[in-house]
1. Per the 1.4 Å probe, what fraction of the accessible area of the chain, in percent, lies on carbon and sulfur atoms?
2. Share of Cα-Cα pairs in the stretch 54-138 beyond 17 Å, in percent?
3. Tell me the Rg and the Dmax, in Å, that the Cα atoms of the stretch 49-203 produce.
4. What is the diffusion coefficient of the chain in µm²/s, taking the Kirkwood radius over Cα pairs and the Stokes-Einstein relation at 25 °C with a viscosity of 0.890 mPa s?
5. Out of all Cα-Cα pairs in the stretch 462-568, roughly what percent, to the nearest whole number, are more than 19 Å apart?
6. Please report the relative contact order for the chain, taking Cα pairs under 8 Å with a sequence separation of at least 6, and give it as a percent rounded to a whole number.
7. With just the Cα atoms of the stretch 309-464, tell me how far they stretch along each of the three principal axes, in Å, largest first.
8. Give me the distance in nm between label points sitting 7 Å out from Cα along the Cα-to-Cβ direction at Arg94 and Ala644, one decimal.
Amino acid sequence: MVVALGAPVLISPVRAGEPMVPTTASAAPVSAPAAPTTAPASPSAPIVVAGSPELHDIMPAGLTRGTTGALTLRGARLGEVSEALFYKPGVSVRDLKAVDNNTVVMNCAVAADCPLGEHPLRLRTAGGVTELRTVWVGALPVVAEVEPNGDFAAPQKIALNSTIDGAITLEDIDYYAVEVKKGQRLTAEIEAMRLGRAMFDPAVAILDSRRFEQAVSDDSSLLLQDSVASIVAPVDGVYVISVRDASLGGSEQSRYRLHVGTFPRPRVAYPPVGRPGEEPAVTLLGDAAGAVRPPPGVMPADAAGAWPINASDDTGVSPSPVWMRPCPYPARGEPLPGSPSASPTSAPVEPAVLSAPCAVYGVIAAPGEVDRHRFRAAKGQNLVIESFARRLRSPLDCIVEVFDAAGQGLAGVDDGAGVDSVLNWTAPADGEYELRVRDHLGRGGDTFVYVVEIAPPRASLGLALERVDAKRPQHLQAVAVPRGNRFAVLVRADRQNTGGAVALEFGSIPGGVTVHSTGIEADRGVTPVVFEAAADAPLAGSLVDVRGRIKMGDASADLIGAFRQTIPLVIAAPNETVYYQTHVDRLAAAVTQPAPFRIDIEPPKSPLVQNGSKALKVRVTREAGFTGEVTLQMLWNPPGIASAVTVPVPVSAAEVLYPLSAAPDAPVRTSNVVILARAGIAGGDVWVSSALTPLQVERPFVIGTIQMAAAQRGQTASLLVKLEPVRPFEGTAVLTMLGLPAHTSCSPKQITAADKEIVFDVATGPEAPIGQHGGLLCQLSLVQNGEEITHRVAQGGVLRIDAPPPAPAPAVAAVPAAPPSVAAPAPKPLSRLEQLRKQAAEKAAAVSKPASAGEAPGGSAKGAVP
């Protein structure tokens, strides 16, 4: 279904049993959000609002089918509890009563044919819907743990075929003693991590009376991080079962349900594949007493993913199922392991060769074993070769490889869907090919079963809620819409091997609630959906069916996608790892008491421009007497758009601006945006939302470049901006230069759509920093339909500020210059003869010189001793 953006689809409420058919409302203008179908509550109405409820724990953790039992549910703000919403059939509530604001007692009746295992539920109050928690249903009577039972020599005695409800505290070990006859099967299966209460990794052991271990289990392929140990008793006697944390941790929240009995406990089904709509001929493997035949049953025609089988015989029924793969293709594989017709699987298998699409199956029965299967494919045929092993709780870590008829390897893969393998492969020629299957670590055993499907890619569609807060995976994952108000969620579509727009359909909606949605566009994966409750809508809740539909065109049937919500229940270190999660197929929704406020987005009259910013005006209408602060939060940002994380609305404010910005490459289109609003009331949070509001993203009016400019400090620089028109505009726009260094300034400039360049005169002050300054940007602003539009025209400009030249030195009085001297001519060098004559003349002159006073003739001083 393709609907013009800005014209939300009004999904008529569909009650249980009615077809889910969307109806289109008359198209509203693109610039206007969906008009509210109800008026807000009267301002004079008294404010009686229940805070949002929380559910933390359920005690005991389970019930027994065919019986009645009481559960104590603890949390917060549960005083006005009205209903328990169970996702699976079989448990009915006879009485639901609040003991106080934080505690509820629920009396339940469990049908004799109630499905065994996990039953997710939520509580509904006048203030909303709680988080999802689980109750487990078993087939055995429940016995409470009695302390002290931490001594092997003094274990707690229990009857065979009982379920113990207990807890492991720090460094605690619980011991239970049971009498077993020789040849009886004894199984201890625990539900601990799967209870979703705490990070509790259990280890279970069966010991004989001399404390010798008969079976030990820490984790299992079948039960994930929970354990199962099973033996056939070798002698009559008392056997002791121990339960502890694998690392000797524990806490009051480390609760468990330990099933101890003679019931069958197979691990896998073989063949592990069946055709929907048919009764599979299957044997269950891995039980300590040997192979088990399941009760007769037809695999549902709509079975998908993995189909559960609970083993049962005259000794009981297994607490949890084994799993088969529903497959519509012809399947062929090796005989049941251990049967007379079985042959070594490392040798080529020679059954009739199937043509793709088909499936093959087998078991890697021994370490190092490699299974080989032949199939036919046509040249150019695109195939997905996908293994199903770990998803069927087999311990096999599967590797698949494709070889041609000559034994030449063509392709191979390890992993792809968890540790299961997914290989996308195209056949290079017509003919037969060999598929080889082995374990990644070369392991093997009787339960290492697998199925490999060889088929063209199949189109599929799945729906889920997008998480609002990654650290709180259940935050805002249920719909609580106040009377006369709105609430919004974000729906995600997961398309595989297909495309196209997804129309959303909703069924079993609470009375008085209308759903607004435009569906999910072909090139997008998410869309906001707004639930709106009438002012007189009953306070009620339901589990809403959500489906997606893609029109395939031609004569092909529409592709229908189901809703699947994944709920992490145990998250712990390292890196907030999810250790256990569950899945549900419907969306919890409820109508709650009126909220004392509502919000509305004023429809924007102008677009948000690429590389620009805008503020949405949000009006907050408070009821008389409500003075709390309201916090706004964008539900989602369309691609290329960023927004503030939250915007507080002060008590004194009736409206606030919510800032948005668009990237330079934001898609040019119209998207519906929604804003959530939260207020703290009665110790909890009350949430409402705006209507779907179209937000248009447009191209900029002008783009440009900033030329580098330079000036001496104290002078003016001429900063040239080259302009390139993109879209016309009327009148004038204002350009502002931003990012200038300190102590510089320039005035904004007005331009018209015809201008090609503009010069900013940048004045630099005497303290302007010397150097090169980048990061300049030019912003345009203009008014359109009474609203300001701003966007960046150019960025990355550079302004260089140079130091002025040094000041000249002070003047000095001039001194008259001396007349130039005439250099004497250089003396003529004397010859050696001339030098001797000169020396002789100097000596003669010295002899003939008269004696001076005080000297005796001959040059001696008077009184000197000769």
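1. Here carbon and sulfur together make up 54 percent of the probe-accessible area.
2. Details: 1351 of 3570 pairs.
Cα-Cα pairs of the stretch 54-138 separated by over 17 Å account for 38 percent.
3. Gyration radius and largest Cα-Cα distance of the stretch 49-203: 17.4, 64 Å.
4. 72 µm²/s
5. Of the Cα pairs, 48 percent sit more than 19 Å apart.
6. RCO, the chain: 10 percent.
7. 54, 46, 29
8. So the label points at Arg94 and Ala644 sit 5.5 nm apart.
The values are calculated or read from the model by the stated rules, or taken from the named source; none is laboratory data. Quantities reported herein were computed from a predicted structural model and do not represent experimental measurements. We place every Cβ from the backbone using ideal geometry, glycine too, and count neighbours over all the protein chains shown. Just so you know, the surface numbers come from the protein's heavy atoms only, side chains and all, with ligands and any DNA or RNA stripped out. Shrake-Rupley method; radii C 1.70, N 1.55, O 1.52, S 1.80 Å.
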